[in-house]
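> Below is the structure I would like to discuss, written out as structure tokens.
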Amino acid sequence: MIALGIDIGGSGIKGALVDTKTGELVSERLRVDTPNPSKPEACIALIKQMAQTLNYKGPMGVGIPGIVIQGTLYSAANIDNDWIGLNAEDAIARETGCAVVVRNDADVAAVAELNFGAGHQQPGVVMMFTLGTGIGAAMFVNGRLVPNLELGHLYLRGMKKDAEDYASDRIRQKEKLKWKEWGGRLHEYFQHIEFLFSPELIIIGGGVSKKHEKFLKYIKTRAAVVPAELRNEAGIVGAAVTAVSH
Ligand code: BGC
């Protein structure tokens, strides 16, 4: 089956048509800058344009950086606060005429990795983290997703700030951290995660995961830590798969 996957991020909105059986993109990958401010109307207008460019009116899945319950946003990180309280599924469906499913961005990226990537057919507790502007988190127990884990907002060692303000890729770039230094911060973070959840496998995604040789070696946990395989496309692919299998 073909579905449209959309990935709303702090810096870009990406989309493509996906073959949900194989996880392959079957159209060009479209990308536009996220509008500033990233108000719902402005973002939804761009999503509508994407669907029109692809001449598409079928099931659409959307990943977004926030807590999503039954289509409504309960938090908004790195996107405008006007999203909070909005039923994004209804709002996007009204504009595009598509049947829309909206989920947390890390959750859909993890769905892609579990179906087609590093977590394929992995039993037990599997966790995925996306390192980007924030830290996204997802957990599967025997293939079933536990949605809306907000583990980028944990406090480490009583620090009065969120872990993602200490160990995200945004902070690595902003503070010009050396790989080893950043790897050390990630090590601290994942040790704590392991203590809390005892996952058997940890998958690391986000754009920076393509440079995984530079930093994964510093993360020493009992669980294996592996890079995501779908990289940049996980958000799009997972959103599309979710649209047809929720
Ligand atoms: C948000 C999450 C999101 C993650 C990755 C965090 O700041 O709270 O909902 O999954 O960033 O985008």
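Derivation of every value follows stated rules applied to the coordinates shown; laboratory data play no part. This is a predicted model, so every value here is computed, not measured. Here the Cβ positions follow ideal geometry from the backbone for every residue, glycine too, while neighbour counts run over all protein chains shown.
> May I ask you to list the residues in the stretch 177-211 that are touching a strand residue (DSSP E or B) at 6+ places or on another chain (Cβ under 7 Å), farther than 16 Å from Arg157 by Cβ and surrounded by 16 or more Cβ atoms within 10 Å (Cβ to Cβ)?
Phe197, Pro199, Leu201, Ile202, Ile203, Ile204, Gly205, Gly206, Val208, Ser209
> Moving on. If you check every pair at least six apart or on different chains, which have Cβ atoms under 7 Å apart with a residue in the stretch 99-114 that is on the phi > 0 side of the Ramachandran plot first and a residue that is near the ligand (Cβ under 10 Å from one of its atoms) second?
none
> Another one. Considering only residues that are of a type in the set (Gly, Ala, Ser) and within 16 Å of the ligand (Cβ to nearest atom), which ones fall in the stretch 45-74?
Filtering the stretch 45-74 down to residues of a type in the set (Gly, Ala, Ser) leaves 45, 51, 58, 61, 63, 66, 71.
Passing the criteria: Gly61, Gly63, Gly66, Gly71.
> Taking the stretch 102-125 only, how many residues are surrounded by fewer than 24 Cβ atoms within 10 Å (Cβ to Cβ) and of a type in the set (Val, Ile, Thr)?
1
> Further question: Across the stretch 11-45, which residue is farthest from the chain's Cα centre (by Cα) among those that are touching a residue at least 60 places away in the same chain (Cβ under 8 Å), farther than 21 Å from Gly71 by Cβ and part of a loop (DSSP other than H, G, I, E, B)?
If we take residues in the stretch 11-45 being touching a residue at least 60 places away in the same chain (Cβ under 8 Å), farther than 21 Å from Gly71 by Cβ and part of a loop (DSSP other than H, G, I, E, B), then Thr22 is farthest from the chain's Cα centre (by Cα).
> Here is a follow-up. Take the stretch 75-101 and flag every residue that is under 18 Å from Ile236 (Cβ atoms) and away from the ligand (no atom under 12 Å from the Cβ).
Across the stretch 75-101, the qualifying residues are Ala88, Glu89, Ile92, Thr96, Cys98, Ala99, Val100, Val101.
> What are the residues in the stretch 1-10 that are hydrophobic (A, V, I, L, M, F, W, C) and within 12 Å of the chain's Cα centre (by Cα), if any? Spell out the reasoning first.
Keep residues of the stretch 1-10 that are hydrophobic (A, V, I, L, M, F, W, C), which gives 1-4, 6, 8.
Ile6, Ile8, listed by residue number.
> Is there a residue in the stretch 15-34 that is closer than 24 Å to Ala137 by Cα, within 16 Å of the ligand (Cβ to nearest atom) and crowded, with 21+ Cβ neighbours inside 10 Å?
No, the stretch 15-34 has no match at all.
> Looking only at the stretch 189-244, count every residue that is of a type in the set (Ser, Thr, Tyr) and more than 15 Å from Ala110 (Cβ to Cβ) and tell me the total. Write out each step before concluding.
So in the stretch 189-244, the residues of a type in the set (Ser, Thr, Tyr) come out as 189, 198, 209, 218, 221, 242.
When the remaining residues are screened for being more than 15 Å from Ala110 (Cβ to Cβ), the result is 189, 198, 218, 221.
Number of matching residues: 4.
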